[in-house]
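*Asks:* Submitted below is the structure of interest, expressed as C-alpha cells.
The values are calculated or read from the model by the stated rules, or taken from the named source; none is laboratory data. Just so it is clear, the model here is predicted, and its values are computed rather than measured. We place every Cβ from the backbone using ideal geometry, glycine too, and count neighbours over all the protein chains shown. Note: areas computed on protein heavy atoms with side chains; ligands, DNA, RNA excluded. Shrake-Rupley method; radii C 1.70, N 1.55, O 1.52, S 1.80 Å.
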Amino acid sequence: MLTKKQHELLLYVNQHLIESGISPSFDEMKDALGLKSKSGIHRLITGLVERGFIHRLPHRARALEVLRMPEGAAVSPSAAPGDGSGFAPNVIEGRFKPELPGSQPVPAGEVVELPLYGRIAAGTPIEALRDHSETVALPPHMVSGGEHYALEVEGDSMVDAGILDGDIAIIRRCDVAETGAIVVALVDENEVTLKRLRRKGHSIALEPANEAYETRIFGPDRVRLQGRLVGLLRKY
C-alpha cells in the first residue's frame with residue numbers, strides 16, 4: 001500500500017512520461033509535490049522501487065519507468081527495463097462503451113468521439129485511411145488540446161513499449177515531435193508506420209520496440225510526421 005505522497009509522485013511521474021517521453025527531474029518532482037528538498041523525493045522513489053511500482057534504468061540520467069499503477073488506475077506499464085523509451089501508455093481497459101450489467105455509462109456530452117481511420121498498414125497513406133463512419137468514444141481528458149484521431153495498431157513491432165496488435169492508438173495531430181516520442185510517420189508519401197522517433201544528425205530514425213525488427217533510417221525529406229501517440233484503448 002502506498003502513502004499519499006508516494007501515490008502522488010507515481011501519478012506525476014507517469015503523466016510526465018506520457019506527455020514528454022522522459023521522466024521528470026528531481027527538482028520538477030520536488031516542486032510538483034511541494035517538498036522543500038530533493039532528499040524527500042529520493043526516499044519516495046526508493047519506496048516505489050521497493051514496492052515494484054517503478055524501476056530505475058541504470059547509467060542514465062532522469063531514467064525512471066513505471067512498471068505498474070495502483071489498483072484501479074487503468075494505465076499500462078511502460079516499456080521493459082533497458083528499453084529506455086520512457087513511454088507509459090495511457091490505456092483504458094474494457095469495452096469502448098459500458099455494456100455490462102451494473103456499469104455506469106458516461107453521461108451524454110462527457111465523451112469525445114474520434115474518427116477511427118483504420119489499421120496502420122505498410123503502403124497505406126493516412127489520407128487513404130480516413131473514414132468518419134467509424135468512431136471511438138473516450139474521456140475528454142485524453143484529448144485535451146489539439147486535433148486527434150484514432151488508428152488501430154497492426155502487428156507486434158511496438159510490443160516492448162506496451163503497444164499490442166489490435167490496440168486503438170489515440171493520436172494528436174502534429175507535424176513536429178521531440179526525439180523519443182512515438183509517432184505516426186508517413187514515409188515516402190506512401191507508407192504509414194507507428195514507431196519511436198530518433199534524430200541522428202540530419203537523418204531521422206524510426207525505431208521499433210521489438211528486437212525482431214530493425215531501426216530504419218531516412219533522410220528528413222522522406223519522412224513526414226502525421227501525429228504523436230498520446231494514449232491507447234484496449235479491448236479484452
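*Asks:* Out of contact with any helix residue (DSSP H, G or I) (no Cβ under 8 Å at 6 or more places or on another chain), more than 20 Å from Gly146 (Cα to Cα) and either among the aliphatic types (A, V, I, L, M) or buried (at least 19 other Cβ atoms within 10 Å of the Cβ) (or both): is that true of Ala185 in this structure?
*Replies:* Taking the combined requirement at face value, the residue does not satisfy it.
*Asks:* Another question, then. Show the residue pairs meeting these rules: Cβ distance below 7 Å; 6+ apart or different chains; first residue within the range 200-228 and among the hydrophobic types (A, V, I, L, M, F, W, C) and open to solvent by 90 Å² or more (accessible area, probe 1.4 Å); second residue modelled with pLDDT under 90 and assigned to a strand (DSSP E or B).
*Replies:* Every condition considered, the pairs that remain are Ile217/Lys200.
*Asks:* At least 2 residues that are at pLDDT 90 or above, of a type in the set (Gly, Ala, Ser) and on the phi < 0 side of the Ramachandran plot in each: list the strands (runs of 3 or more DSSP E) lying fully within the range 118-222 that qualify.
*Replies:* It comes to 203-207.
*Asks:* Among the residues of the range 154-193, write down those that are more than 13 Å from Val230 (Cβ to Cβ) and hydrophobic (A, V, I, L, M, F, W, C).
*Replies:* Once the filter is applied, which keeps residues that are more than 13 Å from Val230 (Cβ to Cβ) and hydrophobic (A, V, I, L, M, F, W, C), the range 154-193 yields Met158, Val159, Ala161, Leu164, Val176, Ala185, Leu186, Val187, Val192.
*Asks:* For the range 160-182, give me each residue that is of a type in the set (Val, Ile, Thr) and open to solvent by less than 50 Å² (accessible area, probe 1.4 Å).
*Replies:* Ile163, Ile168, Ile170, Ile171, Ile182
*Asks:* Being of a type in the set (Lys, Arg) and under 22 Å from His148 (Cβ atoms) is the filter here, so list the residues in the range 190-236 that pass it.
*Replies:* Result: Lys195, Arg196, Arg224, Arg228, Arg234, Lys235.
*Asks:* Buried (at least 17 other Cβ atoms within 10 Å of the Cβ), at pLDDT below 85 and closer than 27 Å to Leu229 by Cα: does that describe Met29?
*Replies:* It is false that Met29 is buried (at least 17 other Cβ atoms within 10 Å of the Cβ), at pLDDT below 85 and closer than 27 Å to Leu229 by Cα.
*Asks:* How about the range 10-21: which of its residues are surrounded by fewer than 18 Cβ atoms within 10 Å (Cβ to Cβ) and closer than 12 Å to Leu64 by Cβ?
*Replies:* Within the range 10-21, Tyr12 is the sole residue that qualifies.
*Asks:* Mind counting the residues in the range 22-36 that are β-branched (Val, Ile, Thr) and over 18 Å from Glu65 (Cβ atoms)?
*Replies:* 0
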